[in-house]
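One structure below.
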Amino acid sequence: MTMEDVFQKIATSLYEGEDKEVAGLVQQALDNGIPPQEILSAGLIVGMDRVGKDFKTGVLFVPEVLRTARAMNAGMGVLRPLLVQSGSGFSSDKCLIGTVKGDLHDIGKNLVKMLLEGSGFEMVDLGTDVSPEAFVAAIRKHQPKLLALSAMLTTTMVFMKTIIEAVTTAGLRDSVKVMIGGAPVTADFAAQIGADAYAPDAASAVDVARTLVGLGKK
Ligand code: B1M
């Protein structure tokens, strides 16, 4: 089987929501020496993109998409220890991460979290559907250097602005850098709402985060 076939198989099993099969195929690919980042981008994410297209056009519905999300998590569970490799000589800066209010998408956020963790950040994950008040309370409690906000819906990305305003009103804005991301988010939007930076994907989120806390790119 060629590497292309392996990626196709992973993408198809993910599309079909076969969580055990996805985990097994990902493990097999690793055993065959395929790098974890490639399995993620050429297999799992390709499958998820297919899901996205068919979800949009009404070929797939929520219950099916939830199964694909479970399969994605099963695959990421296998990749996780390899993506999260400690000992990168990174300081232990804290990063608070969450998906904004009204938004339940967490696969992208979890991926960003995983890679930031892998580059040494101490992650505090508030989960999904997180209110501005909860973000403010968590900043007070954990005193992170970085606040990472994820949104996947055009209807929820606006809460990123509300969160930044709440952090400012609480007098905490100078204590924390704000990075935002998620499918509908852009660099222009980040500038518009007063975020410090935007990252288009999980890999670049690591570089952006490192730059924001004063470290160079990896
Ligand atoms: Co939803 N959904 N969904 N969904 N869903 C999208 C986002 C959508 C684009 C599908 C579509 O129509 N094509 C569409 C949004 C349209 C829009 O607003 N523009 C949509 C919709 C409409 C909805 C509902 C409203 C559907 C409904 O009920 N009628 C509903 C909303 C629920 C809610 O949140 N309140 C809904 C529900 C769901 C499920 C629950 C079924 C499920 C989520 C399961 C879960 O996350 N646990 C789901 C899924 C799986 C998707 C798609 C298919 C896949 C999302 C995903 O995980 N992608 C998605 C279509 C698509 O994106 N292809 C879709 C894989 C992931 C690795 O990528 O999340 O983009 P992504 O993350 C990337 C980058 O964006 C970036 O890095 C990540 C990795 O590289 N990134 C950051 C993300 N956060 C970042 C933060 C950063 C930096 C980078 O810094 C802090």
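Of note:
- Gaussian network model of the chain, Cα within-10 Å springs - most flexible of 52, 102, 181: 52
- Exposure proxy for 49, 129, 188, 103: other Cβ atoms within 10 Å of each Cβ, ordered fewest to most, give 188, 49, 129, 103.
- Over the chain, the reciprocal of the mean inverse Cα-Cα separation, the Kirkwood hydrodynamic radius, stands at 17.9 Å.
- About its Cα centre, the dipole of region 93-212 is roughly 240 debye, where the only charges are +1 on Lys and Arg Cβ and -1 on Asp and Glu Cβ.
- Flagged links, alpha-carbon separation over 25 Å, of 109/177; 94/161; 113/177; 20/94: 20/94
- By the count of neighbouring beta-carbon atoms within 10 Å, fewest first, 40, 212, 172 end up ordered 172, 212, 40.
- Placing +1 on the Cβ of every Lys and Arg and -1 on the Cβ of every Asp and Glu, with no other charges, gives the chain a dipole of roughly 580 debye about its Cα centre.
- Tail weight of P(r) past 18 Å, computed on alpha-carbon pairs of region 87-157, percent: 37 percent
- For the pair residue 31 and residue 80 in one chain, pulling the backbone fully straight at 0.36 nm per residue adds 16.2 nm over the alpha carbon distance.
- Since only 32, 58, 15 are under comparison, the one whose Cα sits farthest along the positive direction of the charge dipole of region 3-86, derived from C-beta charges on Lys, Arg, Asp and Glu, is 58.
- Region 23-89 and region 122-142 have Cα centres lying 26 Å from one another.
Any read-out appearing in this document is the output of simple, stated calculations on the displayed coordinates, not a laboratory observation. None of these values were measured; they are calculated from a predicted model. Methodologically, a virtual Cβ is constructed for each residue, glycine included, from the backbone with ideal geometry; neighbour enumeration extends over all protein chains shown.
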